[in-house]
1. So, Ser354, is that one surrounded by fewer than 22 Cβ atoms within 10 Å (Cβ to Cβ) and among the small types (Gly, Ala, Ser) or not?
2. Tell me which of these Val97 doesn't satisfy, since it passes every other one: (1) over 29 Å from Ala50 (Cβ atoms); (2) in contact with a helix residue (DSSP H, G or I) (Cβ under 7 Å, 6 or more places away or on another chain).
3. Check whether at least one residue in the stretch 345-361 is closer than 20 Å to Ala271 by Cα, in a loop (DSSP other than H, G, I, E, B) and of a type in the set (Gly, Ala, Ser), and report yes or no.
4. Go through the stretch 246-258 residue by residue and tally those that are of a type in the set (Lys, Arg) and out of contact with any helix residue (DSSP H, G or I) (no Cβ under 7 Å at 6 or more places or on another chain).
5. What are the pairs, 6+ residues apart or on separate chains, where a residue within the stretch 380-393 that is farther than 15 Å from Ala279 by Cα has its Cβ under 7 Å from a residue that is among the acidic types (Asp, Glu)?
6. Within the stretch 56-64, is even one residue more than 22 Å from Ile208 (Cβ to Cβ) and either surrounded by 13 or more Cβ atoms within 10 Å (Cβ to Cβ) or more than 28 Å from the chain's Cα centre (by Cα) (or both)?
7. Which condition breaks for Ala341 when tested against (1) assigned to a loop (DSSP other than H, G, I, E, B); (2) among the aliphatic types (A, V, I, L, M); (3) closer than 30 Å to Cys155 by Cα?
8. Aliphatic (A, V, I, L, M), under 19 Å from the mean Cα position of the chain (by Cα) and over 20 Å from Lys119 (Cβ atoms): does that describe Ala350?
Amino acid sequence: MRKWAIFLGLFLLAACQNAVKTPETLRPLAGEGGTYIALLKPGAAAEALARDHGLAVAAEDRLEALGMVVLRNLPPGLAQRLAQDPRVQSLTPDRPVQAYAQTVPWGVERIGAPTTQAKGGNVSVYVLDTGIKVGHEDLTNLKGGYAVVKCRGRCKAAYDDDNGHGTHVAGTIAAVNNAVGVLGVAPAAELYAVKVLSGSGSGSISGIVQGLNWVIAHNNGGKPKVVNMSLGGAGTDDQDGQYCPSVRSRDALHNAIQKAVCDHAITVVVAAGNEGDDAANHTPAAYDEAITVSATNSRDDWPSWSNYGPDVDLAAPGVGILSTWHTSTTAYNTISGTSMATPHVAGAAALVLSRYPGHTPAQVKAALLQNAESTAGWTNTSGHPHPEPFLNVRGF
């Protein structure tokens, strides 16, 4: 059964569709308080836009690296006027996001990670999730982070983990080789916690784009960057079949991922989702710019709940995965989901970039696919088509 509503795996979003300036598409989800993400036209200033409409915009809502601004508590009439402002390319209503996981326990050994010469050194991996447990014995490579949604309870930092999901993901990516606990795929990589989900695993698109904005702007000394997004929700690819098109998406989430991947060479790895559905019906899984990951079990088979379809790029271990946990600095837990498969691939991307730091996201994806294991001879009892190859890092 699913442990959370987080797919830490996918967010529960209203359908991600092109933001059209109509009353229907500008209607915010109930309870979201009239929050919108304005994608500004080139040269437009968020400060001037806010002033002209009598709005106060906090500094953290001015997403300069993305050319966006988060606008909160807008009455419907004001939202309509902003949508028609010539400086606004599109206005996307905020939508909730959640993390997925399922209860049930293996993975780094199967993909061959312990055999690699590359260990992820000089690569930064950003975990957009519920945070990462600060001070965990197996996550001494946590270098810092940023909190869109602040940790609640006994937290050592705003980006500390009050759920567990983000800590679990981080351990699979890069738990250090220190003779205790578990070993991550890329134990020499450095981790950054980007807390965009609450202790209940909920969040919003505005939080995701705020997190991506921070990742793009963050000075990590020029090292290659990888983003892990074990989250998602309902929606479709508004530019299906187009990788980094010159005319970018008008949807805020897709546009932000395109800017990260296409303009800033950040490799983005995302979960396919846990609905047993075509990944084309879920975002960011459906986006061509991301590397989308399904989940397998220790019998080289896919569970019925793992999403499928042409948008899925790779399969990776996602059932019964042991990793770090948030309840103490020495805690570990075993859970399942495409959320647990995704960090195997994010760690693998770090391995590639530690050997080839100049690789673009497209080249990273090509390297992973070229080295992947064919699943043509596997027994597939999931009830869904799963032709995607299985992650293999042997030889890296």
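1. Working: surrounded by fewer than 22 Cβ atoms within 10 Å (Cβ to Cβ): no; among the small types (Gly, Ala, Ser): yes.
Considered against the rule, which asks whether it is surrounded by fewer than 22 Cβ atoms within 10 Å (Cβ to Cβ) and among the small types (Gly, Ala, Ser), Ser354 comes out as no.
2. All conditions pass for Val97, except number (1).
3. No, there is no match, as no residue in the stretch 345-361 is closer than 20 Å to Ala271 by Cα, in a loop (DSSP other than H, G, I, E, B) and of a type in the set (Gly, Ala, Ser).
4. In the first step, residues of the stretch 246-258 are kept if they are of a type in the set (Lys, Arg); the result is 248, 250.
In the following step, the residues that additionally are out of contact with any helix residue (DSSP H, G or I) (no Cβ under 7 Å at 6 or more places or on another chain) were identified as 250.
Number satisfying all stated conditions: 1.
5. Asn380/Asp301; Thr381/Asp301; Pro389/Glu373; Phe390/Glu373; Asn392/Glu373
6. The initial filter retains those residues of the stretch 56-64 that are more than 22 Å from Ile208 (Cβ to Cβ), namely 56.
Imposing the further condition that a residue be either surrounded by 13 or more Cβ atoms within 10 Å (Cβ to Cβ) or more than 28 Å from the chain's Cα centre (by Cα) (or both) reduces the set to 56.
Scanning the stretch 56-64 turns up at least one residue that is more than 22 Å from Ile208 (Cβ to Cβ) and either surrounded by 13 or more Cβ atoms within 10 Å (Cβ to Cβ) or more than 28 Å from the chain's Cα centre (by Cα) (or both).
7. In the conditions (1) assigned to a loop (DSSP other than H, G, I, E, B); (2) among the aliphatic types (A, V, I, L, M); (3) closer than 30 Å to Cys155 by Cα, Ala341 misses (1) alone.
8. Working: aliphatic (A, V, I, L, M): yes; under 19 Å from the mean Cα position of the chain (by Cα): yes; over 20 Å from Lys119 (Cβ atoms): no.
It is false that Ala350 is aliphatic (A, V, I, L, M), under 19 Å from the mean Cα position of the chain (by Cα) and over 20 Å from Lys119 (Cβ atoms).
The values are calculated or read from the model by the stated rules, or taken from the named source; none is laboratory data. All values derive from a computational prediction rather than experimental measurement. With ideal geometry, Cβ positions are generated from the backbone for all residues, glycine too; neighbour counts draw on all protein chains shown.
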